[in-house]
1. How tilted is helix 93-104 with respect to the longest principal axis of the chain? Cα atoms for both, answer in degrees (0 to 90, nearest 10).
2. Students often get this wrong, so try it: which of (1) 1.00; (2) 0.96; (3) 1.04 is Rg/Rh (Cα atoms, Kirkwood Rh) as calculated from the structure shown?
3. Quick one: angle between helix 134-146 and the longest Cα principal axis of the chain, in degrees between 0 and 90, rounded to 10, please.
4. Mind listing the long-range amide H neighbours of Ile81? Cut-off is under 5 Å, sequence gap 5 or more, other chains count too, H placed in the peptide plane at 1.01 Å from N.
5. State, as an integer percentage, the relative contact order of region 1-40 based on alpha-carbon contacts under 8 Å between residues 6 or more apart.
6. Output ³J(HN,Hα) for region 108-119: one whole-Hz value per residue in order, computed from phi by the Karplus curve 6.51 cos²θ - 1.76 cosθ + 1.60 with θ = phi - 60°, and x for Gly and Pro.
7. Among 173-184, 130-141, how do they line up from the highest to the lowest mean number of other beta-carbon atoms within 10 Å?
8. Taking neighbour counts of Cβ atoms within 10 Å as a proxy for exposure, in what order, fewest first, do Arg113, Arg171, Arg38 appear?
Amino acid sequence: MDDIIQIEGVSKSYKDVLVLDNVNCAFERAKIHGIVGRNGSGKTVLLKTICGFIHPDKGRVVVDGKIIGQDIDFPKNIGAIIEAPGFLPTISAYKSLEYLASLRNVVGKEVIRQAIVTVGLNPDDKKHVGKYSLGMKQRLGLAQAIMENPDILILDEPMNGLDNSGVSEMRDLFLNFKAEGKTIILVSHNSEDIKMLCDTVCEMDRGILSSVNE
């Protein structure tokens with residue numbers, strides 16, 4: 001088994017509230033892994049620890065053999081949508097991604113355009129992102145997550161705001177990413193997303209993560 005992410009004894013508290021309670025799990029490469037659970041159960045905090053945005057009080061997170069916060073601060077091979085994607089409201093989708101790409105300067109204009117096309121948006125559309133629907137912002141968030149061709153995608157409710165055809169498109173896209181060898185961690189309240197897409201499913205309940213037998 002080739003695990004690309006290992007979470008080992010991870011706990012995290014905020015103001016004496018235990019948000020992650022000794023979480024132990026591993027995510028195998030080139031599979032889609034679902035995480036389900038109620039709002040406030042700790043799912044988003046777990047995703048942020050994988051991305052290096054939050055450091056655990058105890059335990060460690062290992063991504064592709066590197067310990068977060070020790071060997072590296074932020075894994076460069078992760079693309080993520082966590083909570084609502086945030087973009088400057090007064091510029092276009094292309095300009096938004098061009099600005100974000102310039103921070104690391106690893107992808108060029110054509111790659112940015114292709115990422116926008118891949119998620120079903122038009123890179124030549126001059127419409128300001130502030131006038132986008134929630135579903136369009138989700139698509140743009142996904143374009144940002146994939147534009148540097150990461151090995152791992154962390155997707156927190158990526159279907160929010162999408163209509164039925166949009167959901168179907170995203171499901172097909174995620175399965176294509178898996179076929180390309182990408183690893184996806186998917187948080188969704190939609191049981192159909194989990195059933196149709198995920199190779200493994202875990203449930204988060206009051207900070208405790210447990211495997212779900214399908």
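Coordinate-derived values only; no laboratory data. Please read all numbers here as calculations on a predicted model, not as lab measurements. Don't worry about glycine lacking a Cβ; one is built from the backbone with ideal geometry, like all the others, and counts go over all protein chains shown.
1. Orientation of helix 93-104: about 50 degrees from the principal axis.
2. After the calculation, the listed value that fits is (2).
3. So the helix axis and the longest Cα principal axis differ by about 80 degrees.
4. Ile154, Leu155, Asp156
5. Details: 47 pairs, mean separation 16.1, N = 40.
In percent, rounded to a whole number, it is 40.
6. For region 108-119, the Karplus-derived couplings read x, 4, 5, 5, 4, 4, 5, 4, 5, 5, 4, 8 Hz, x marking Gly and Pro.
7. Values: 173-184: 16.7, 130-141: 18.3.
Per-residue mean Cβ counts within 10 Å order the peptides as 130-141, 173-184.
8. Numbers: Arg113 18, Arg171 15, Arg38 12.
Placing the least packed residue first, the sequence is Arg38, Arg171, Arg113.
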